[in-house]
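J.: The structure that follows is given in the form of structure tokens.
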Amino acid sequence: MRHGTIDDVADDPSFDQRLRDLARLRRVRDRIDREYAEPLDVEALARGANMSAGHLSRQFRLVYGESPYSYLMTRRIERAMALLRRGDLSVTEVCFEVGCQSLGTFSTRFTELVGVPPSRYRREATAGAGGIPACVEKQVTRPVRNREAPASGRR
């Protein structure tokens, strides 16, 4: 089987469409990173990218390995972890600060990604982390992505 040259691939209209789709997906991901605390949903993200919600979800999962909603929730949980480590906000305040509308959904997703409920995370984080540089703490405490936390938890 003979494959085309780079020029053949670059001249292929489907290649051009794929590049445009990748650029739109990157803009969607960047928007989620910037606006994670805003009321975002897949339909709104799809409208902003001139795609259908189904096409956006399929393509986003194909490119980034998770759905747009899962990516959004991971961003929210990462920010929530930082706010909980600070210790000056309640779990409920953190939930709404990061853009979640339901404390139950927030707590469930937090526990799935981090391995402990947010209240326990807050209690342990404010009691223990003294002296660790923020850049190291952020890397070590990053939530697990694309799978649930191990049954033993991360703390």
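J.: Quick one: Karplus J couplings for the range 37-44, per residue in order, coefficients 6.51, -1.76, 1.60, θ = phi - 60°, nearest Hz, x for Gly and Pro?
T.: Couplings: 7, 7, x, 9, 9, 4, 4, 5 Hz.
J.: Now, a different point. Would you order V91, V63 from fewest to most other beta-carbon atoms within 10 Å of each residue's own beta-carbon?
T.: By the 10 Å Cβ count, ascending: V63, V91.
J.: For G115, list long-range residues whose amide hydrogen, built 1.01 Å from N in the peptide plane, is under 5 Å from its own amide hydrogen.
T.: A149
J.: If you stretched the chain out fully between R58 and S119, how much longer would it get, using 0.36 nm times the residue separation minus the C-alpha to C-alpha distance?
T.: 18.5 nm
J.: Next up: With the cut-off at 1.5 for a/c, could you classify the range 6-68 from its C-alpha gyration tensor as rounded, prolate or oblate?
T.: Prolate shape, in that a/c is at least 1.5 and a/b is the bigger ratio.
J.: Another one. Sorted by average packing, counted as other Cβ atoms within 10 angstrom per residue and highest first, what order do 18-30, 111-123 take?
T.: 111-123, 18-30
J.: Let me ask something additional. Below 8 Å, C-alpha to C-alpha, sequence gap of six or more: please give me the relative contact order for the range 6-68 in percent.
T.: Relative contact order of the range 6-68: 24 percent.
J.: Next up: Treat the range 1-123 as a sphere of radius equal to its Kirkwood radius over Cα pairs and apply Stokes-Einstein at 20 °C in a medium of 1.002 mPa s; give the translational diffusion coefficient in µm²/s, rounded to a whole number.
T.: For these conditions, the coefficient is 132 µm²/s.
J.: Just to verify a number: FRET efficiency for T108 and A23, C-beta to C-beta distance, R0 = 35 Å, to 0.05?
T.: 0.55
J.: Follow-up. For the range 96-112 and the range 54-69, write down the distance between their C-alpha centroids in whole Å.
T.: Here the answer is 21 Å between Cα centres.
Each reported figure results from applying straightforward, stated rules to the coordinates on display, with no laboratory input. Just so we're clear, the structure is a prediction, and the values are computed from it rather than from any experiment. Counting neighbours? That spans all protein chains shown, and the Cβs are built from the backbone with ideal geometry, glycine included.
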